[in-house]
Amino acid sequence: MNNRKMRAFMSTLLLATALSAGTARAAESAAPATTTTAPTARPWMDRTLSADARADLLLREMTVEEKKLLVFGYFGSPFKERNYVPPAGIRMGSAGYIPGIDRLGIPAQWQTDAGVGVATQRDSSEPMRERTSLPAGIATVATWNPALARQGGTMIGKEARLSGFNVMLAGGINLVREPRNGRNFEYGTEDPLLAGIMVGAQISGIQSNNIVSTIKHYALNAQETGRFVLSANIDEAGARMSDLLAFEIAMERSNPGSVMCAYNRYNGDYACENDFLLNKVLKGDWGYKGYVMSDWGAVHSTAKAANNGLDQESGYIFDKEMFFGADLLGKALADGSVPMARLDDMNRRILRALFDHGVMDNPVAVEDHKIDYDAHAKITRADAEEGIVLLKNQGDLLPLAAGASRIAVIGGHADKGVMSGGGSSTVFGRGGNPVPGTGPKNFPGPIVYHANPPLAAIQARAGGTVAFDAGTDPVAAAKLAGDSDLAIVFVNQWTGEAMDFALTLPDNQDALVAAVAQANKRTIVVVQSGGPVFMPWLKDVGAVLAAWYPGTAGGEAIARVIYGEVDASGRLPITFPASLDQLPRPKLDGEGLPDGTKFDVSYMEGATVGYKWFDQKGHKPLFPFGYGLSYTDFSYSGLTAAVGSDGTLTLSGSVTNKGARTGKAVPQLYIGPVGGGWEAPKRLAGWQKLELAPGASSRFSVPVDTRLLATFDVAKKEWVVKPGRYKVWLGASVVDLPVTTEVTLKGNRFSAVKSK
Ligand code: GLC
């Protein structure tokens, strides 16, 4: 940090420290004198008032210097490359910190990552904060069970609060446009409805702890290569019917206190200074009253960012300047390039969120001794096991029955634990990393495992002998497999933030599986990955499970599915492509460019994302969206489509368990215009997750979000439902839809602008 920046940093820090402690002296700057006395009354603490009214009352009391304090965030951990020492008051090893204002009773904002639990930043100068990890976001979405998503969010939000955090940087919801994206594990799906409902449920759970959750990264942050500089280019209608619709649905259902704007540019302008995204769509059309925080290192200006809708600079040390620091912001206020009214609005939004989500009324404290890890392990296990997708099960090889058999367990460090994804969201598990020293030494590494070994969980159930081979030598592994009754091979594809990854398994694991399968036809493959992978050995193995990154109790979850203690009830939330040629962009844009080189990604597919693209193009994927086998069989019937007097379309259907075991079905409903006209032949219109005993049937109904029947009229900013015949499908995946009907819809137009 050069001298100028150091001076700016020190002046901001000194002021922050003084204001935070309520001992600010009259600032030398031209700003109006600061008030140092605590007000005699705090009417804003009247809980009978609305969050808006409380924010206005408090804002009125704040000095300019205090308002500048609230919009400037520190990184909550040392950052050696920038010789950055965080201010006192942080939670060591955390993502961020905004000092509070004692004089007014405004608490500090302690920010923790992220979507699977309380993460710790690697440069922490104290021991890692070891907490419970949910399975990866993609696993939670693969459960298609909003109740589980909410329950998991509630759990990690509780661990955040008890760890002293009141802001949780969760809610990753970027649509999976690019299967190679290193952060797909944090997001989860290619469909806006599935994303909106599942991530919305998790955000609601988190915020039920009287803390703020974010939703992120707004918007079109769909690959990691060149994430800081690329421009995601897409037509407005395409964005409105895909990525923006996912945010819109999730935000309607969860009211996140904050939206985190993304690193990338969106149609040429950085997302964190993008008037269209922040002012026109988010705050204008959608009427969002919370605050926009930047991603860490995503701010590129003071006036442009502030005036185009950014409300808080996060982790300023990652930015080139302290754009919202006292100096630059003070200058912009003084020269009028940032109106005082805008600074007020920035603060009002932050304060409103703190009131709205119970942060002001429920101060956090570090009480991690109160965390019930055993209860939380059950929650993460329930999530993980319902997210495991059974992709192949030849001859009902699974579930295994306990009994005296010789089982070979091979590879994937299955004797030590289960893999987790890399980057800012990494939760360090209790007991430490059982597989230290693998993956990149620096961020987003190292690879962190959770010490819940599948091997031990299998041994506890097998009843016979279970031998382990590390899988580093295919010949030795094949020998063991050949001498066993069956083999369970764990293959791992680590993915992480700031990187994109090939879909081919690394470390010669394809050869390992091929060798084992050749030695023993009764081979089960358990894939731990952050998204789709290619499987050249698929035809040669007996069974395949997609276990994603299964979290703190992942070994138990995998074993419980393998032994049928629970049905295999995960369904793919993303398409597994058969080859890169099937993708809109077979070559990853920006690959091989020197760091920092700007480039464009043209999302010419618009809203035709994932299965819609495969459907539109007639591509046959390796595994389709919505796919997943159960240990029992389901049939579908009784599909009806009824248009209510208010015009709402309600789809109903029945599902029956035809098998001999209790199972969990995920009947899916799709709809599309007869004769086409949309971005794809069909869209997911709804689903249910139902547990059914053998022979049981269940009838369910789903009201269809009218936006899913519409296209977006940019000129009029309206959703338009074309009158005519629509086909409706019911079945087990986007390509397995045995039951159909048709319905006539009247035309309809409605504004995309929510009434204030
Ligand atoms: C990271 C991520 C973001 C995270 C933040 C704080 O770079 O993009 O998701 O919440 O910085 O760690």
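For the range 597-741, rounded, prolate or oblate, judged on the Cα gyration tensor with a ≥ b ≥ c (square roots of eigenvalues), a/c < 1.5 rounded, else prolate if a/b > b/c?
Working: a/c = 2.50, a/b = 1.42, b/c = 1.75.
Oblate, because a/c is 1.5 or more while a/b does not exceed b/c.
In nm, give the distance between the simple-model label positions of Ser579 and Asn279, each being 7 Å from the Cα along the Cα-to-Cβ direction.
With each label point 7 Å from Cα toward Cβ, the separation is 4.9 nm.
Just to be sure I follow: if Rg is taken over the C-alpha atoms of the range 93-181 and Rh is the Kirkwood radius over the same atoms, what is Rg/Rh?
Numbers: Rg = 15.1 Å, Rh = 14.5 Å.
Result: Rg/Rh = 1.04.
Grab the Cα-Cα distance for Lys378 and Ala696, subtract it from 0.36 nm times how many residues apart they are, and report the gain in nm with one decimal. Walk me through the numbers on the way to the answer.
Numbers: separation 318, 0.36 × 318 = 114.48 nm, distance 2.74 nm.
Taking Lys378 through Ala696 to full extension adds about 111.7 nm, to one decimal.
Please give the contour-minus-distance gain from Ser602 to Thr40: 0.36 nm per residue of separation, less the Cα-Cα distance, rounded to one decimal in nm.
Numbers: separation 562, 0.36 × 562 = 202.32 nm, distance 5.73 nm.
Length difference between fully extended and current span is 196.6 nm.
When only alpha-carbon atoms are used, what values of Rg and Dmax, in angstrom, describe the range 66-142?
14.7, 47
What is the Cα centroid distance between the range 390-446 and the range 369-388, reported in whole angstrom?
The range 390-446 and the range 369-388 have Cα centres spaced 17 Å from each other.
Just for the Cα atoms in the range 379-534, what are the lengths along the principal axes, largest first, rounded to whole Å?
43, 33, 26
Ranking request for peptides 142-152, 505-515: highest mean number of other beta-carbon atoms within 10 Å first, then the rest in descending order.
Per-residue mean Cβ counts within 10 Å order the peptides as 142-152, 505-515.
Mind checking the log10 I(q)/I(0) for the range 643-691 at q = 0.23, 0.32 Å⁻¹? Debye, one equal scatterer per Cα, no solvent, two decimals.
Debye intensities relative to I(0), on a log10 scale: -0.93, -1.17.
Extending each Cα 7 Å along its Cβ direction at Asp368 and Arg661, get the distance between those two points in nm, one decimal.
3.9 nm
When the scattering of the range 362-435 is computed by the Debye formula from its Cα atoms alone, each counted once and equally, what is log10 I(q)/I(0) at q = 0.12 Å⁻¹?
The Cα Debye sum returns log10 ratios of -0.60.
Based on alpha-carbon centroids, what's the gap between the range 118-157 and the range 653-711 in Å, whole number please?
29 Å
Take the Cα atoms of the range 187-298, find their three principal axes, and give me the spread along each one in whole Å, biggest first.
Largest to smallest, the principal-axis extents are 37, 28, 27 Å.
Among DSSP beta bridges whose residues both lie in the chain, state the antiparallel percentage, nearest 5. Kindly include the intermediate steps, with their values, before the conclusion.
Numbers: 63 of 104 bridges.
The antiparallel fraction comes to roughly 60 percent.
Evaluate Rg over Rh across the chain, taking Cα atoms for both radii and Kirkwood's formula for Rh. Present the calculation step by step, with values, prior to reporting the outcome.
Working: Rg = 26.1 Å, Rh = 26.7 Å.
Ratio of gyration radius to Kirkwood radius for the chain: 0.98.
Quote the relative contact order of the chain in percent (integer), defining contacts as alpha-carbon pairs under 8 Å separated by 6+ residues.
13 percent
Work out the charge dipole of the chain with +1 on the Cβ of Lys and Arg and -1 on the Cβ of Asp and Glu about the Cα centre, then indicate which of Ala334, Ser208, Leu57 is farthest towards its positive end.
Of the options given, the answer is Leu57.
Suppose only helical runs count, i.e. DSSP H with n ≥ 4. What mean residue ellipticity at 222 nm does that imply for the chain under -39500 (n - 2.57) per run, divided by all residues and rounded to the nearest 500 deg cm²/dmol? Please list the in-between numbers first.
Values: 17 runs with 184 residues, N = 756.
It comes out at -7500 deg cm²/dmol, rounded to the nearest 500.
Can you give the FRET efficiency for Ser755 and Asp633, using 1/(1 + (r/R0)^6), R0 = 60 Å, r = Cβ-Cβ distance, to the nearest 0.05? Walk me through the intermediate numbers first.
Numbers: r = 47 Å, r/R0 = 0.79.
E(calc), rounded to 0.05, equals 0.80.
Count neighbours as other Cβ atoms within 10 Å of each site's Cβ, and list the GluC sites (Glu not before Pro) in the range 283-392 that are DSSP loop with at most 13 such neighbours.
In loop regions of the range 283-392 (DSSP not H, G, I, E or B), the sparsely surrounded GluC sites (Glu not before Pro) are Glu367.
Take Val714, Val281 and order them by how many other Cβ atoms sit within 10 Å, fewest up front. Let's see the in-between values first.
On the way: Val714 13, Val281 25.
The order, fewest Cβ neighbours first, is Val714, Val281.
Got the relative contact order for the range 253-341 handy, in percent, Cα pairs under 8 Å and 6 or more residues apart? Mind dumping the intermediate values first?
Details: 140 pairs, mean separation 23.1, N = 89.
It comes to 26 percent, rounded to a whole number.
Given Cα pairs under 8 Å that are at least 6 residues apart, what percent is the relative contact order of the range 160-248?
Working: 123 pairs, mean separation 35.8, N = 89.
Relative contact order of the range 160-248: 40 percent.
Specify whether the C-alpha gyration tensor of the range 523-572 places it in the rounded, prolate or oblate class, a ≥ b ≥ c being the square roots of the eigenvalues: rounded for a/c under 1.5, otherwise prolate if a/b is larger than b/c and oblate if not. Before the final figure, lay out each step's value.
Working: a/c = 2.00, a/b = 1.35, b/c = 1.49.
Judged from the Cα gyration tensor, the range 523-572 comes out oblate (a/c at least 1.5, b/c at or above a/b).
Mark the label point 7 Å from the Cα of Glu718 along Cα→Cβ and return the residues of the range 733-756 whose backbone N is within less than 20 Å of it.
745-756
State which entries of Lys68/Lys320; Lys283/Lys716; Lys598/Lys717 exceed 28 angstrom in Cα-Cα distance in the structure shown. List each step's numbers first, then the result.
Details: Lys68/Lys320 19 Å; Lys283/Lys716 18 Å; Lys598/Lys717 31 Å.
From the list (Lys68/Lys320; Lys283/Lys716; Lys598/Lys717), the Cα-Cα distance tops 28 Å for Lys598/Lys717.
Fewest to most neighbouring Cβ within 10 Å: what's the order for Trp494, Trp729?
Values: Trp494 27, Trp729 23.
Lowest count first: Trp729, Trp494.
So how long is each side of the range 368-409 along the principal axes, counting just the alpha-carbon atoms, biggest first, in Å?
Projected onto the principal axes, the Cα atoms of the range 368-409 cover 47, 25, 15 Å.
Taking neighbour Cβ counts within 10 Å as the exposure measure, how do Val735, Val466, Val533 sort from fewest upward? Write down the numbers at each step before the final one.
Working: Val735 16, Val466 19, Val533 23.
Exposure proxy ranking, most exposed first: Val735, Val466, Val533.
Set the Förster radius R0 to 51 Å, insert the Cβ-Cβ distance between Phe79 and Thr650 as r into 1/(1 + (r/R0)^6), and round the FRET efficiency to 0.05.
Working: r = 53 Å, r/R0 = 1.04.
So, using R0 = 51 Å, E works out to roughly 0.45.
When ranked by the protection proxy of mean other Cβ atoms within 10 Å per residue, highest first, what sequence do the peptides 228-236, 541-549 form?
Numbers: 228-236: 19.3, 541-549: 26.9.
Highest-to-lowest ranking by the protection proxy: 541-549, 228-236.
Going by average Cβ neighbours within 10 Å, how do the peptides 409-422, 682-695 rank, with the highest at the top?
Values: 409-422: 27.4, 682-695: 18.5.
For the peptides 409-422, 682-695, the packing ranking is 409-422, 682-695.
Read-outs: derived from the displayed coordinates by stated rules, not from any lab. All figures in this text were calculated on a predicted structure; none of them were measured in a lab. A quick note on method: Cβ atoms are made from the backbone with ideal geometry, for glycine too, and the neighbour counts reach across all protein chains shown.
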